[in-house]
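What follows is one structure encoded as structure tokens, with my remarks underneath.
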Amino acid sequence: VLSLVVLISGGGSNLRALLEAAADAEFPARVVAVGSDTDAPGLAHAEEFGVPSFSVAPTSFGSRDEWGAELLAQVRRWSPDLVVCAGFMRILPPVVVSALSPALINTHPALLPAFPGAHAVRDALAAGVQTTGVTVHVIDEGVDTGPVIVQREVRVEPGDTEAELHERIKTVERELLVQAVLDIANGHVDLKETAAR
Ligand code: GAR
């Protein structure tokens, strides 16, 4: 069974999808802890499922590297097989990436390399594309540049607001993330191979 630490910053609907999937004894992964950079509302999902959580706020540290070192220490307490960034809205410092990658993945609400960064849905709307989507990828030292594990398209509908489009993307995203974790857990996806591409 693959043990997961999930990192979040927001509402945690992707985290919840993983917690719900893992509640099935047949699912080959378990969420052992949830971490955040803030007092994220999504931490309530961890509590509901009886999963421990921790929060490491960058404001308590003198530098990004010191923050990263503490975040890494908190993650390592749980010895996870895989760390999943699911709406974690901060760039991980190199000290964290080099320690955990390639067993460090992210889900992003666009078809990378299109629309990296914190406003992917807004940027896709502003660009006027007809199709955007979701990418689950290995985190490397860049921002949303790591090797792609899986992608799925989502159509932009005429008149879509950012919130409407993001909600449709997230409906697809939750399913795709659970499937990606399943594929990693059962060996259909090899992260070392993915990262070497
Ligand atoms: C998700 O759509 C995730 O891809 C996005 O934040 C949302 C979190 O939703 N992440 C990024 O934009 C990272 N650049 P959730 O808190 O309901 O899971």
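The values are calculated or read from the model by the stated rules, or taken from the named source; none is laboratory data. None of these values were measured; they are calculated from a predicted model. Here Cβ is always computed from backbone atoms with ideal geometry, including for glycine, and neighbour counts include all displayed protein chains. When the accessible area is computed, the model is the full protein with side chains, heavy atoms only, and any ligands, DNA or RNA have been set aside. Shrake-Rupley method; radii C 1.70, N 1.55, O 1.52, S 1.80 Å.
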**Message:** Against the definition (surrounded by fewer than 19 Cβ atoms within 10 Å (Cβ to Cβ) and farther than 27 Å from residue 95 by Cβ), how does residue 196 come out, yes or no?
**Reply:** no
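Residues checked against (1) of a type in the set (S, T, N, Q); (2) at pLDDT 95 or above; (3) more than 12 Å from the ligand (Cβ to nearest atom):
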position	(1), (2), (3)
92	no, yes, no
97	no, yes, yes
101	yes, yes, yes
109	no, yes, no
123	no, yes, no
137	no, yes, no
154	no, yes, no
168	no, yes, no
**Prompt:** Residues in segment 116-128 that are touching a helix residue (DSSP H, G or I) at 6+ places or on another chain (Cβ under 6 Å) and farther than 18 Å from residue 157 by Cα: how many?
**Reply:** 0
**Message:** Just to verify a result, which residue in segment 13-45, among those that are over 14 Å from the mean Cα position of the chain (by Cα) and part of a helix (DSSP H, G or I), is surrounded by the most Cβ atoms within 10 Å (Cβ to Cβ)?
**Reply:** 45
**Request:** Specify the residue that is nearest to residue 81 (Cα to Cα); the eligible residues are those in segment 17-61 that are within 14 Å of the ligand (Cβ to nearest atom) and touching a Lys or Arg at 6+ places or on another chain (Cβ under 8 Å).
**Result:** 17
**Complete:** Across (1) open to solvent by 50 Å² or more (accessible area, probe 1.4 Å); (2) more than 21 Å from residue 177 (Cβ to Cβ), residue 140 clears everything bar (2)
**Among residues of segment 170-197, those that are free of Cβ contacts under 8 Å to residues at least 40 places away in the same chain, away from the ligand (no atom under 16 Å from the Cβ) and β-branched (Val, Ile, Thr), counted** = 0
**Message:** So, in segment 1-12, exactly how many residues are open to solvent by 10 Å² or more (accessible area, probe 1.4 Å) and more than 11 Å from the ligand (Cβ to nearest atom)?
**Reply:** 3
**Message:** Being small (Gly, Ala, Ser), surrounded by fewer than 17 Cβ atoms within 10 Å (Cβ to Cβ) and either in contact with an Asp or Glu (Cβ under 7 Å, 6 or more places away or on another chain) or at positive phi (or both) is the requirement here; does residue 50 meet it?
**Reply:** yes
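Restricting attention to segment 74-90, report how many residues are within 15 Å of the ligand (Cβ to nearest atom) and open to solvent by 20 Å² or more (accessible area, probe 1.4 Å). If you could, list the steps in order and put the result at the bottom.
Going through segment 74-90, the residues within 15 Å of the ligand (Cβ to nearest atom) turn out to be 83-90.
In the following step, the residues that additionally are open to solvent by 20 Å² or more (accessible area, probe 1.4 Å) were identified as 87, 89-90.
Residues meeting the conditions: 3.
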**Prompt:** Pairs, please: C-beta under 8 Å, at least 6 apart or cross-chain, first residue at negative phi and in segment 65-82, second at pLDDT below 95 and in a helix (DSSP H, G or I)?
**Reply:** 67/60
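More than 16 Å from the chain's Cα centre (by Cα) and within 27 Å of residue 45 (Cα to Cα): is that true of residue 174 in this structure? Working first, answer last.
Values: more than 16 Å from the chain's Cα centre (by Cα): no; within 27 Å of residue 45 (Cα to Cα): yes.
Criteria not met by residue 174.
Just checking, which of 9, 63, 36 is out of contact with any strand residue (DSSP E or B) (no Cβ under 9 Å at 6 or more places or on another chain) and closer than 22 Å to residue 143 by Cα?
Working: 9 fails: out of contact with any strand residue (DSSP E or B) (no Cβ under 9 Å at 6 or more places or on another chain); 36 fails: out of contact with any strand residue (DSSP E or B) (no Cβ under 9 Å at 6 or more places or on another chain).
The conditions single out 63.
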